[in-house]
1. Look through A67, A47 and report the one residue that is surrounded by fewer than 20 Cβ atoms within 10 Å (Cβ to Cβ), at negative phi, in a loop (DSSP other than H, G, I, E, B) and touching a residue at least 40 places away in the same chain (Cβ under 8 Å).
2. Could you check, for the range 4-19, whether at least one of its residues is closer than 18 Å to R73 by Cβ, touching a Pro at 6+ places or on another chain (Cβ under 7 Å) and β-branched (V, I, T)?
3. Test G142 against the stated conditions and say whether it is among the small types (G, A, S), farther than 30 Å from A55 by Cβ and touching an Asp or Glu at 6+ places or on another chain (Cβ under 6 Å).
4. Within the range 199-225, can you find the residues that are touching a Ser or Thr at 6+ places or on another chain (Cβ under 9 Å) and either modelled with pLDDT under 95 or not charged (D, E, K, R) (or both)?
5. Which one of the conditions (1) part of a loop (DSSP other than H, G, I, E, B); (2) of a type in the set (A, V, I, L, M, F, W, C); (3) farther than 23 Å from E198 by Cα does L108 fail to meet, given that it meets all the rest?
6. Scan the range 256-292 for residues that are in a loop (DSSP other than H, G, I, E, B) and either more than 26 Å from the chain's Cα centre (by Cα) or of a type in the set (F, W, Y) (or both) and report the count.
7. Any chance you could count how many residues in the range 82-133 are over 17 Å from E187 (Cβ atoms) and touching a His at 6+ places or on another chain (Cβ under 8 Å)?
8. Could you tell me which numbered condition W68 fails, if it satisfies all but one of (1) of a type in the set (F, W, Y); (2) farther than 20 Å from S22 by Cβ; (3) out of contact with any Asp or Glu (no Cβ under 9 Å at 6 or more places or on another chain)?
Amino acid sequence: MPPVFRFAPSPNGYLHLGHAFSALLNFDLARQAGGRLLLRIEDIDRARCKPEFEAAIREDLTWLGIAWETPVRRQSEHFSEYRAATDRLAAQGLLYPSFESRAEIARLVADEQARGKWPHDPDGVPLYPGLARSLSPEAVAGLLLAGAPTAWRLDMAAARRRSGALAWTEQGAGPSGETNTVEAQPEAWGDVILARKETPTSYHLSVVVDDALQGVTDVVRGQDLFWSTSVHRLLQELLGLPGPVYRHHPLLRDDRGAKLAKSSGAVSLRELRARGVSPADIRAMVGLAAAD
């Protein structure tokens, strides 16, 4: 079977050079391997994702000379599949609801930090400090019945007892130079959120389910997601899903050394195109060889 690659942007803004690099790299690797390239639209955040951004993604990729298979998978159309995955985890006793708001969690973290250091995940976010697991069944039932804001969290300790040791095959490199077989360390993320009351999935859960359902064999993405792979390997193990081969590529950075991002106003591909920049210029700008 030919290898299957995917490019999976979120339509919450216009693509920039960092996206172009990842998309072109996936396209080139798929062609070199005689494989397939999928486009997936990761639009679970319905408040920020807009149809005009999705249309712009397709326009930019076509301009770059990238071809992909159809139909395109749009995550917002598959919430039932993600809900089925959370149901499976819940049936294993691996999920629990938490009810604190973000502001309440921030206060709990501040209280913990006032007493000493509090652990953070690989992205620098404090681990969940709440006591939701200690709530009585009656208290949980009452909060759910009252319609309290709810986040469904993975009981990491229980999940790790079930999973045992985990690793993944890395064909790129990690932030510290990790290569080849990498030991997964999902516990570094604490009790991650896998779904919320208003959105029945999270990035971690949806990407694992999608990769399996679409038969993705090779995940090529930025180094900023390197340690997220630990959580993905854990979910694959718990759900009985295959683990792709991973390749994490370096990130493109601005003059200050920060990674290019929509939120920081990185110049969009459509703006570069309006300035007269060509697809060949884009390839040169991101350090890729000219197209055949």
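The values are calculated or read from the model by the stated rules, or taken from the named source; none is laboratory data. It should be emphasised that the depicted structure is a prediction, and the values quoted were computed from it without experimental measurement. Note: ideal-geometry Cβ built from the backbone for every residue, glycine included; neighbour counts use all protein chains shown.
1. Of A67, A47, the one residue that is surrounded by fewer than 20 Cβ atoms within 10 Å (Cβ to Cβ), at negative phi, in a loop (DSSP other than H, G, I, E, B) and touching a residue at least 40 places away in the same chain (Cβ under 8 Å) is A67.
2. Scanning the range 4-19 turns up no residue that is closer than 18 Å to R73 by Cβ, touching a Pro at 6+ places or on another chain (Cβ under 7 Å) and β-branched (V, I, T).
3. no
4. P200, T201, Y203, H204, L205, V207, V209, V219, V220, G222
5. (1)
6. Looking only at that region, the number is 8.
7. 0
8. With respect to (1) of a type in the set (F, W, Y); (2) farther than 20 Å from S22 by Cβ; (3) out of contact with any Asp or Glu (no Cβ under 9 Å at 6 or more places or on another chain), W68 is out only on (2).
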